[in-house]
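One structure below.
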Amino acid sequence: MDWKEHITVDEAILAGKPIVKGTRISVELVVELLGRGWTVEQVLQEYDHLTLADVQACLAYAGDV
């Protein structure tokens, strides 16, 4: 998984937090939801514009940093 295809940092969006490209959803939010026990399916239902690859990229990013 090359998270760089799905994750970006833009100082003008969310104070420069890493986000899923094309959204204002932070990597931090996705990882936090999963850490609180949400399933990937629940994340995808709640944020229906995210893809499975986006969620996997958030986890890959978190693992790398």
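The values are calculated or read from the model by the stated rules, or taken from the named source; none is laboratory data. Predicted model only: the values in this text are computed from it and were never measured. We place every Cβ from the backbone using ideal geometry, glycine too, and count neighbours over all the protein chains shown. Just so you know, the surface numbers come from the protein's heavy atoms only, side chains and all, with ligands and any DNA or RNA stripped out. Shrake-Rupley method; radii C 1.70, N 1.55, O 1.52, S 1.80 Å.
Each residue in the range 1-45 was checked for being touching a His at 6+ places or on another chain (Cβ under 9 Å) and within 19 Å of ASP64 (Cβ to Cβ), and 3 pass.
Looking only at residues that are touching a strand residue (DSSP E or B) at 6+ places or on another chain (Cβ under 7 Å) and open to solvent by 50 Å² or more (accessible area, probe 1.4 Å) in the range 11-26, which one is farthest from GLY63 (Cα to Cα)? Among residues in the range 11-26 that are touching a strand residue (DSSP E or B) at 6+ places or on another chain (Cβ under 7 Å) and open to solvent by 50 Å² or more (accessible area, probe 1.4 Å), the one farthest from GLY63 (Cα to Cα) is LEU14. Residue under question is LEU29, and the condition is that it be among the hydrophobic types (A, V, I, L, M, F, W, C), at pLDDT 95 or above and surrounded by 15 or more Cβ atoms within 10 Å (Cβ to Cβ); does it hold? For LEU29, the condition - among the hydrophobic types (A, V, I, L, M, F, W, C), at pLDDT 95 or above and surrounded by 15 or more Cβ atoms within 10 Å (Cβ to Cβ) - is met.
Would you confirm, using the coordinates I've provided, whether LEU59 is open to solvent by less than 70 Å² (accessible area, probe 1.4 Å), at negative phi and under 13 Å from the mean Cα position of the chain (by Cα)? Against the criterion (open to solvent by less than 70 Å² (accessible area, probe 1.4 Å), at negative phi and under 13 Å from the mean Cα position of the chain (by Cα)), LEU59 does not qualify.
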